[in-house]
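K.L.:
This is the structure, below, for whatever I ask next.
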Amino acid sequence: MRYEAPESFETAVALLAGAKGDARVLAGGTDLLVQMRADILDPELIVDIKKIPETRAVTEERGGWRIGAAVTGAELKESARLKKAWPGVVEAANLIGSTQVQGRATLGGNLCNGSPAADSVPALIAAGAVASVVGPKGRREIPVEDVMLGPRKLSLQKGELIASFFLPPRPKGSGDAYLRFIPRTEMDIAVVGAGVSLTLDGAGKIGAARVSLGAVAEKVLLVPAAAQAMAGSTLDQPAQERLEAAARAACRPIDDKRGTVEFRTQVAGVLARRAALIALERARAN
Amino acid sequence: MAETLTTARDLPQTYVGTRTVRPDGVDKVTGRARFGADFNLPGQLVGRVLRSPHAHARVVSIDTSKAEQLPGVKAVVTRADFADQPSEFIPAGEMMINYKDMVRNIMAREKVLYEGHPVAAVAATSTAVAKRAIKLIEVKYEVLPHVIDVVAAMKPDAPLLHDDLYTVGVEPKPDKPSNVAKRIEISQGDIEAGFAKADLIVEREFNTAAVHQGYIEPHAALASVSEDGSAEVWCTTQGHYIVRAHCARLLGLDIGKVRVTASEIGGGFGGKTVVYLEPLAVALSKKAKRPVKMVMSREEVFKCSGPTSGANVRVKLGATKSGQFVAAFAELKYQAGAFQGSPVQPGVMCAFAPYDIENVKVIGYDVVSNRPKVAAYRAPGAPISEFAVESVVDEIAKKLEIDPVELRLQNAAREGTKAAYGPKFGPIGLVDTLHAVEKTNHYTTPLEPWQGRGVASGFWFNIGGETCASLTVNEDGTVSLMAGTPDIGGLRASLAMVAADELGVPYEKVRPIIGDTGSLGFNFLTGGSRSTFSGSMAVVEAARQIKADLCRRAAKLWEMPVEQVTFENGHVKPVEGASGKGKPMSVADMAKLAGKTGGPIGGYGRINAQGAAPSFGTHLVDLEVDPETGRVTILRYTVAQDAGKAVHPSYVEGQFQGGAAQGIGWALNEEYVYGADGRLQNAGFLDYRMPVASDLPMIDAIIVEVPNPRHPYGVRGIGETPIVPPMAAIANAIEQATGVRFTELPMSPPKILKALRERGVNGRGNGKTHG
Amino acid sequence: MAKHHVTATVNGDEVEFLCETEETLLDVLRDGLNLTGSKEGCSSGDCGACSVTLDGRLVCSCLVLGCEVGGRRIETIEGMARGERLHPLQQKFLEHAALQCGICTPGFLVAAKALLERDPDPDETEVRYWLAGNLCRCTGYDKIIKAVMATAAEMRS
């Protein structure tokens, strides 16, 4: 098994594109190493991208934020300004695993592991995050909701990797939140995840909104109907009920050892509502 | 509560009952202590096991030739390397095992009976080579239908695991084999008549899932066999003498030629009272002529080492309207896994033990199924049966509108009560624990909507057993203490305290170690809540010998008859009004004269400890249910349990808290999840959900002391009882919070939410707990 | 495939080792450097028994490759005591009986030390959530939490 730690995207892309056998990108390693140890994966080549500066930087850019694909959850938490702008995204990244895991896990890895239950992905999708992808044909931008196609299936081509994420500028009166359901208080994979981001209009009603659900389908969903259900409201009781119904309607989960179809669908509505209420509270405070 | 730490003090000083710093503590907080996988020998090989991917299959052929030819592979073993064993039952802790089953469990012979069942093992120069070698072993399986569920396994058309297993305990004797290994029954009085007297009868059926002991340290063993057939084994175990006996038997070695050292043990809870890797490591080392080290992965621990039984339990309890229990019936069906030997017997014994009931009948079935063979798990069998009984008791309390603690007090077993399983109780502390709980602030704190409070009691009988301890007085007056049962959580501290008090020497001058099997006579394993109970008795006996010996030596020195010399407050001295004179001498003083007075000073206690007494406990829990998600949050927890005499209160509290935590996991989230293919789906800590620090509140521990009259200090074993009450206490609290009685474990969120919705129980909850 | 040659700092000492690509930092510590204080409980980052700090960041050493740590600073349980003086956390764990079998203890101590270095005054909930990645099966966590909070109080005074 080869290990390479290139210092530029050019080299990284060439290594990945030119690999004969299975080649994997290494950022935090919190999924890759586990899968290797369990003999699920046996890569011929590991490409560690952490020496490439863009993957490790958190910078303000054009009013928004550019977050490197290999920035850890713990590091995200240490940026006070990012936490203030996108508390939901930062919280979501810091729900992954444990304190130890958050010391290594990255947004790039969490997305590219291809699990519909990934904690940071609904928050990123709700935020309208865009993945900046480098590859043999150069760089392209992909909305995060279009990166995962199904369990362990990405829309990335051979030789491509995510360099960073761009979070759009945050208008005043905006708030986001991410909640997940797990049976314990920590350490579980999300049985349901809900990310909500919204902005209030001049009249204090919900204007633009995005709702994303995790672990209720073969990929993380963007649910426009759920956002629509809240639009123009102050999230009063009827709006909450509409939101819950729309969230539930979008679910197409499976029965597995972590949850049943019935349970996930029911709780998806509850979490969408609860996350929206927190996002609303935050928007009002901004 | 006030905690006084003990430091070096002048005599007189007694230690039993104080909170000393444990002597093995520094090594454990610095990483110096060596656990099973921490020991290495030069030239050692890595051992790995090839395990069955099938839940049930005939092993048609095994071809290891390619593996043997791989460079770096030094030995391969299969069923061919283990002689078959005749059927013979032997005790192992509180369970019975059979060598014919054991030789098949450590290495499959005719069949594989569970996913993970070992089929072959290799020893190679590196992990990478060992892994490759495993992949090169070719096994032909004839896959057979499998059965996982205990009720399904009892059906006449169920897939049959053993064609020579005929149910014991039924009349007439069955003429066809089945998966039911035995049927047992205890009874007293006349339950028909009893139920006829009842004003209220509650009958319920319960189902529990298999749960694992969950020790953080995987099984590990390092074996080194010499050309003359002597073997040394280093392993993590609760019973190194048991490991020695099993390895000797299975490999055809003399017991005296096998020397086992118990490493520090990273948790056992009963799961390390049996062998898995040790005989394989010995067999491989015998072939390779090099040391072989084997460590289980976490996945192997879950798949291949015994969890406890899952079960189906029916309980029927009858009471008068004033709350007196008049008749009690239970039928227990316990899974044993691939080979017989579930803890259904203790389950049957313990079911109604906390109560004084005239008419009792309990029936139990031991049923095999295609799962790993179960191993003991803390009070084996009792948590399951008592979960069911304590839930029904609670239901009776609610229906009769009697406070659940009062109802238990009314029916509680006391001194002189005859338990349905046989013995009459001596002094016991159930009533005391019930009163202790009633008096707490916890018991009367008001609850909010969606919160509930539950109480449950529990019992374990505890055991004594063969135990040896040696005390040696060194030339400088320090005392070396050697015990023979692995220290799983503070034993060395407790034994050192007893030795210090017996001999009147400072605690810091007693250095305890756990000896290897070559150093002491046979010791039964650490389990059955016996190590402090029995170990302290052996230490008392060793100390008694020393004291008698010191008196003889002093008598000679002082030229007095020995009857006129006594040992008191750490000193030999003439008795009051003795004919001669002599200055009192401490143990240290006498140590200086050891050579002159006959040689080294020591005592060796070798006993079969009798007089183990039961420990009763009562638990109280407050919890909150989120009605929109079914999530349960434990808000508050109190344990009151009778320790007889708490030698080291901190470690007694620790047992209460640890057992309660395991019970909480068992109640809420832990379970073995099988697919239709008979394979375990959650063989890791991610999806086998044990409580984490943020799941639990502080656990208040109340030590009740009703001394055990048959122990020199009044000690009762206490380690197992704490896991018995939590599941019922939690089920009872959930019932109060939601109005729904759950009879299936675990009471996980999807089940709770489904039940609430089906019953039209709605609400937004308290809004305190999200997600 | 040639092994990687790595130099790093472990507990203040410069070390050199060879490792295969697939060997984790935990493998290197235990088998290569004979530092067996970090324990392997699961190899999947779910139990925390292998906790170390990497450039001051609390991580599971089973989730880091040996070849990733060139030039980095690693601190393990073995480096916690200063000569004969135990770290206050180690001392408090002993006094509060915050360990029974002791297998999880190194992981908890490393994790708790990382917490107190960041936050000298955590409340009980914060301590519990920080330590949620450290599994203990023996103690029910009660005395561990008490020991950490007592240490925090003592270190603040």
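Nothing in this text is a laboratory measurement; each read-out follows from the coordinates by a stated rule. Just so it is clear, the model here is predicted, and its values are computed rather than measured. Virtual Cβ from ideal backbone geometry, glycine too; neighbours counted across all protein chains shown.
K.L.:
Under the definition of partner shielding as Cβ atoms of other protein chains within 10 Å of a residue Cβ, what is the mean value for peptide B:37-44? If you can, show how the numbers build up before the last one.
P.N.:
Numbers: counts 5, 5, 1, 4, 0, 0, 0, 0.
Per residue, the number of nearby Cβ atoms from other chains is 2 on average.
K.L.:
Sticking with this one: Need the C-alpha centroid separation for the stretch A:203-244 versus the stretch B:258-290, integer Å.
P.N.:
Going from one Cα centre to the other spans 58 Å.
K.L.:
With r defined as the distance between the Cβ atoms of B:Q69 and A:A14 and R0 fixed at 35 Å, what FRET efficiency is calculated, to the nearest 0.05? Before the final figure, lay out the partial values.
P.N.:
Details: r = 40 Å, r/R0 = 1.14.
Efficiency computed from Cβ-Cβ geometry: 0.30.
K.L.:
Rounded to a whole number, what is D in µm²/s for the protein assembly as shown from Stokes-Einstein with the Kirkwood radius over alpha-carbon pairs (25 °C, 0.890 mPa s)? Each step should come with its number before you reach the end.
P.N.:
Numbers: Rh = 31.8 Å.
Here the translational diffusion coefficient equals 77 µm²/s.
K.L.:
With a length cut of 20 Å (Cα positions projected on each helix's long axis) and a Kyte-Doolittle mean of at least -1.0, go through chain B and give me the DSSP H helices that pass. List each step's numbers first, then the result.
P.N.:
Details: long enough: B:382-400 (26 Å, 0.45); B:531-558 (39 Å, 0.08); B:649-668 (28 Å, 0.00).
Qualifying helices: B:382-400, B:531-558, B:649-668.
K.L.:
Modelling each spin label as a point 7 Å along the Cα-to-Cβ direction, I'd like the B:K140/B:A152 distance in nm, to one decimal.
P.N.:
With each label point 7 Å from Cα toward Cβ, the separation is 2.9 nm.
K.L.:
Run down the aspartates and glutamates and flag those whose C-alpha is under 16 Å from the C-alpha of B:K418, throwing out any fewer than 8 positions away in its chain.
P.N.:
Filter leaves B:D190, B:D356, B:E358.
K.L.:
Run the numbers on the stretch A:171-286 and let me know its relative contact order in percent, using alpha-carbon pairs under 8 Å that are six or more apart. Walk me through the numbers on the way to the answer.
P.N.:
Details: 248 pairs, mean separation 38.5, N = 116.
Computed over the stretch A:171-286, the figure is 33 percent.
K.L.:
Return the sequence-ordered ³J(HN,Hα) values of the stretch B:110-117 in whole Hz as given by the Karplus equation 6.51 cos²θ - 1.76 cosθ + 1.60 applied to θ = phi - 60°, using x for Gly and Pro.
P.N.:
After applying 6.51 cos²θ - 1.76 cosθ + 1.60, I find 6, 9, 9, 10, 7, 5, x, 4 Hz.
K.L.:
What is the Cα centroid distance between the stretch C:25-59 and the stretch B:662-703, reported in whole angstrom?
P.N.:
24 Å
K.L.:
Let me know the Kirkwood hydrodynamic radius for the stretch C:88-156, please, with Cα pairs as the basis and the value in Å to one decimal. Intermediate values should be presented prior to the final figure.
P.N.:
Values: mean 1/r = 0.0862 Å⁻¹.
That comes to 11.6 Å for the stretch C:88-156.
K.L.:
On average, how many beta carbons from a partner chain sit within 10 Å of the beta carbon of a residue in B:744-756?
P.N.:
Values: counts 0, 0, 1, 0, 3, 8, 11, 2, 1, 6, 4, 0, 0.
Across B:744-756, the average partner-chain Cβ count within 10 Å equals 3.
K.L.:
Can you give me the three principal axis dimensions of the stretch B:460-541 from its C-alpha atoms, in Å, biggest first?
P.N.:
40, 27, 21
K.L.:
Given the stretch A:51-167 reduced to its alpha-carbon atoms as identical point scatterers, what log10 I(q)/I(0) does the Debye formula return at q = 0.13, 0.22 Å⁻¹?
P.N.:
Log10 of I(q)/I(0), two decimals: -0.43, -1.32.
K.L.:
Just to verify a number: FRET efficiency for B:D164 and B:M698, C-beta to C-beta distance, R0 = 60 Å, to 0.05? It would help to have the intermediate numbers written out before the result.
P.N.:
Values: r = 52 Å, r/R0 = 0.87.
Given R0 = 60 Å and the Cβ-Cβ separation, E is 0.70.
K.L.:
Along the charge dipole of the stretch B:465-609, pointing to its positive end and built from +1/-1 on Cβ of Lys, Arg, Asp and Glu, which listed residue (B:V510, B:A609, B:S531) has its Cα farthest out?
P.N.:
B:V510
K.L.:
Ok, one more. Taking N as the number of residues in the stretch C:4-79, what is its alpha-carbon radius of gyration divided by 2.2 N^0.38 Å? Please list the in-between numbers first.
P.N.:
Values: Rg = 10.8 Å, N = 76, 2.2 N^0.38 = 11.4 Å.
That ratio works out to 0.95.
K.L.:
As I understand it, the dipole of the protein assembly as shown uses +1 on the Cβ of Lys and Arg and -1 on the Cβ of Asp and Glu, about the Cα centre. Which of B:G25, A:I52, A:A19 lies farthest toward its positive end?
P.N.:
Of the listed residues, the answer is A:A19.
K.L.:
Dimensions of chain C along principal axes (Cα, Å, largest first)?
P.N.:
51, 29, 24
K.L.:
Around A:D236, under 12 Å between beta carbons, what's the net of Lys plus Arg minus Asp minus Glu among the other residues?
P.N.:
Numbers: positive: A:K205, A:R242, A:R273; negative: A:E241.
Charge balance in the 12 Å sphere: +2.
K.L.:
Largest first, please: the extent of the C-alpha atoms of chain A along each principal axis, to the nearest Å.
P.N.:
So the three principal-axis extents are 57, 44, 33 Å.
K.L.:
Which whole number of Å³ per residue matches the convex hull of the alpha-carbon atoms in the stretch B:129-175? Could you put the intermediate results ahead of the total?
P.N.:
Details: hull volume 6.9 nm³, N = 47.
Hull volume normalised by residue count: 147 Å³.
K.L.:
Pairs of lysines 8 or more apart, or on different chains, with alpha carbons under 22 Å: count those in chain A, would you?
P.N.:
Lysine pair count for chain A: 20.
K.L.:
Please identify the DSSP H helices in chain A that span no less than 18 Å along the helix axis (Cα) and have a mean Kyte-Doolittle hydropathy of -1.0 or more.
P.N.:
Values: long enough: A:237-250 (20 Å, -0.71); A:261-285 (36 Å, 0.39).
Helices meeting the criterion: A:237-250, A:261-285.
K.L.:
How many nm separate the modelled label positions at A:K51 and B:R759, each set 7 Å beyond the Cα in the direction of the Cβ?
P.N.:
Going by the 7 Å Cα→Cβ label model, 6.3 nm.
K.L.:
What's the extension gain from B:E227 to B:N608 if we count 0.36 nm per residue and subtract their Cα-Cα distance? Walk me through the numbers on the way to the answer.
P.N.:
Details: separation 381, 0.36 × 381 = 137.16 nm, distance 3.56 nm.
Here the answer is 133.6 nm.
K.L.:
Pull out the extension gain between A:L149 and A:D39, defined as 0.36 nm times the separation in residues minus the alpha carbon to alpha carbon distance; nm, one decimal. Could you put the intermediate results ahead of the total?
P.N.:
Working: separation 110, 0.36 × 110 = 39.60 nm, distance 2.39 nm.
Result for the pair: 37.2 nm of gain on full extension.
K.L.:
Looking at the stretch B:512-553 from every direction and averaging, what is the projected area of its Cα convex hull in nm²?
P.N.:
Values: hull surface 14.7 nm².
Its Cα hull, projected and averaged over all orientations, spans 3.7 nm².
K.L.:
I've got another one for you. If contacts are Cα pairs under 8 angstrom and at least 6 residues apart, what is the relative contact order of chain C in percent? Walk me through the numbers on the way to the answer.
P.N.:
Details: 283 pairs, mean separation 36.5, N = 157.
Reported as a whole number, the value is 23 percent.
K.L.:
If you don't mind, there's one more thing I want to ask. Taking each residue in B:626-635, count the Cβ atoms of any other chain within 10 Å of its Cβ, then average. What number comes out? Before the final figure, lay out each step's value.
P.N.:
Values: counts 3, 1, 8, 11, 5, 6, 1, 1, 0, 0.
Going residue by residue through B:626-635 and averaging, the value is 4.
K.L.:
At what distance in angstrom do the alpha carbon centres of the stretch B:535-572 and the stretch B:101-176 lie from each other?
P.N.:
So the two Cα centres are separated by 57 Å.
K.L.:
Could you work out how far apart the two model spin labels at B:I201 and A:E281 are, taking each label as a point 7 Å from the Cα in the direction of the beta carbon, and quote it in nm?
P.N.:
About 5.3 nm separates the two model spin labels.
K.L.:
At 4 °C and 1.567 mPa s, what whole-number value in µm²/s does Stokes-Einstein give for the translational diffusion of chain B, with Rh from the Kirkwood sum over Cα pairs?
P.N.:
Result for D is 47 µm²/s.
K.L.:
Give, as a single signed number, the net charge of other residues whose beta carbon lies under 14 Å from the beta carbon of B:F352, with Lys and Arg counted +1 and Asp and Glu -1. All intermediate terms of the calculation are to be shown ahead of the outcome.
P.N.:
Working: positive: B:R314, B:K316, B:K361, B:R408, B:K418; negative: B:E185, B:E331, B:D356, B:E358, B:E386, B:E390.
Net charge around B:F352: -1.
K.L.:
For the stretch C:15-57, what does the convex hull of the Cα positions come to per residue, in cubic angstrom?
P.N.:
Numbers: hull volume 3.8 nm³, N = 43.
That works out to 89 Å³ per residue.
K.L.:
Within the stretch B:293-330, name every residue whose backbone N is under 11 Å away from a label modeled 7 Å from Cα of C:D31 along the Cβ vector.
P.N.:
Output list for this probe position: B:295.
K.L.:
Please give the length that would be gained between B:K399 and B:E185 if that part of the chain were fully extended, namely 0.36 nm times their separation in residues minus their C-alpha to C-alpha distance (nm, one decimal).
P.N.:
Computed gain between B:K399 and B:E185 is 74.1 nm.
K.L.:
Using only the Cα atoms of the stretch A:174-285, what are the Rg and Dmax in Å?
P.N.:
Taking only Cα atoms of the stretch A:174-285, I get Rg and Dmax of 13.5, 46 Å.
K.L.:
Per residue Cα convex hull volume for the stretch A:234-276, in cubic angstrom? Before the final figure, lay out each step's value.
P.N.:
Details: hull volume 2.4 nm³, N = 43.
Cα convex hull per residue, to the nearest whole number: 55 Å³.
K.L.:
Quick one: if the Förster radius is 25 Å, what FRET efficiency do B:K176 and B:S61 give, using the C-beta to C-beta distance and rounding to 0.05?
P.N.:
Details: r = 29 Å, r/R0 = 1.17.
The pair B:K176/B:S61 has a calculated efficiency of 0.30.
K.L.:
Please give me the summed charge of the neighbours of B:I734: other residues whose Cβ is under 14 Å from its Cβ, Lys and Arg +1, Asp and Glu -1.
P.N.:
On the way: positive: B:K398, B:R453, B:R631, B:R741, B:K751, B:K754, B:R759; negative: B:E390, B:D394, B:E395, B:D622, B:E624, B:D626, B:E735, B:E744.
Residues near B:I734 contribute -1 overall.
K.L.:
Another question, then. Show me, for the stretch B:465-478, the HN-Hα J-couplings you get by feeding each phi into the Karplus relation (A = 6.51, B = -1.76, C = 1.60, θ = phi - 60°), rounded to Hz, glycine and proline as x.
P.N.:
Whole-Hz 3J(HN,Hα) from phi for the stretch B:465-478: x, 5, 8, 10, 8, 10, 10, 10, 8, 7, 4, 9, x, 6.
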